[in-house]
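The values are calculated or read from the model by the stated rules, or taken from the named source; none is laboratory data. Worth saying up front: this structure is predicted, and the values here are computed from it rather than measured. FYI the Cβ positions are ideal-geometry reconstructions off the backbone, even for glycines, and counts take in every protein chain you see.
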């Protein structure tokens, strides 16, 4: 993938929130500050924000794996986009570890259980819409959305309680954004 497309994806992901920071950016800040396994949980720590961050990333990951071939190049691009969108608040090793965990969970649980797990961690409609937009955005990482990716996006849309029209709107919005970034 070329650098211009990566930067366009990063810019679009950061701007999903419009004038305010995107849900992905906000939850990345919480995820980046989560305590280690043996640390005391700090006052003000929001574990639900961390779960939402993981859901945002996993939604995109599941779509990226839709064709059954998530090779090393795709993984590096995926991790780079997520790391760059987070503006460094979640360091690359943490993103790599999260993607490794997502890979293990997908192998153990299968696609449908993982989609249900993503949906379970999304309580608000605006968060569901952002999970969908992030998944669409990451599906565009390697250009057009394939039929397999569209199928996974459809399953994710249903699990999140969203409509097919909302999926199509997200697809069109992301495609328009990438087209304008390319010009």
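Quick notes on this structure:
- Only residues that are over 16 Å from residue 26 (Cβ atoms) and buried (at least 18 other Cβ atoms within 10 Å of the Cβ) were counted in region 85-97, giving 1.
- Taken together, the residues in region 83-96 that are farther than 16 Å from residue 70 by Cβ and in a helix (DSSP H, G or I) amount to 6.
- Within region 137-146, restricting attention to residues that are modelled with pLDDT of 85 or more and surrounded by fewer than 22 Cβ atoms within 10 Å (Cβ to Cβ), the residue that is nearest to residue 81 (Cα to Cα) is 145.
- Scope region 151-165; condition touching a residue at least 12 places away in the same chain (Cβ under 8 Å) and either touching a strand residue (DSSP E or B) at 6+ places or on another chain (Cβ under 6 Å) or assigned to a helix (DSSP H, G or I) (or both); matching residues: 151, 152, 153, 154, 155, 156, 157, 159
- Each residue in region 64-78 was checked for being in contact with a helix residue (DSSP H, G or I) (Cβ under 9 Å, 6 or more places away or on another chain) and either buried (at least 18 other Cβ atoms within 10 Å of the Cβ) or outside any helix (DSSP H, G or I) (or both), and 8 pass.
- Each residue in region 5-25 was checked for being part of a helix (DSSP H, G or I), in contact with a helix residue (DSSP H, G or I) (Cβ under 7 Å, 6 or more places away or on another chain) and at pLDDT 70 or above, and 10 of them qualify.
- Hits in region 116-136 (condition: over 20 Å from residue 84 (Cβ atoms) and buried (at least 22 other Cβ atoms within 10 Å of the Cβ)): 118, 122, 128, 132
- Failed criterion for residue 168 (all others in (1) over 24 Å from residue 50 (Cα atoms); (2) in a helix (DSSP H, G or I); (3) touching a helix residue (DSSP H, G or I) at 6+ places or on another chain (Cβ under 7 Å) hold): (3)
- Selection over region 120-149 of residues that are in contact (Cβ under 8 Å) with a residue 60 or more places away in the chain, in a helix (DSSP H, G or I) and within 13 Å of the chain's Cα centre (by Cα) gives a count of 13.
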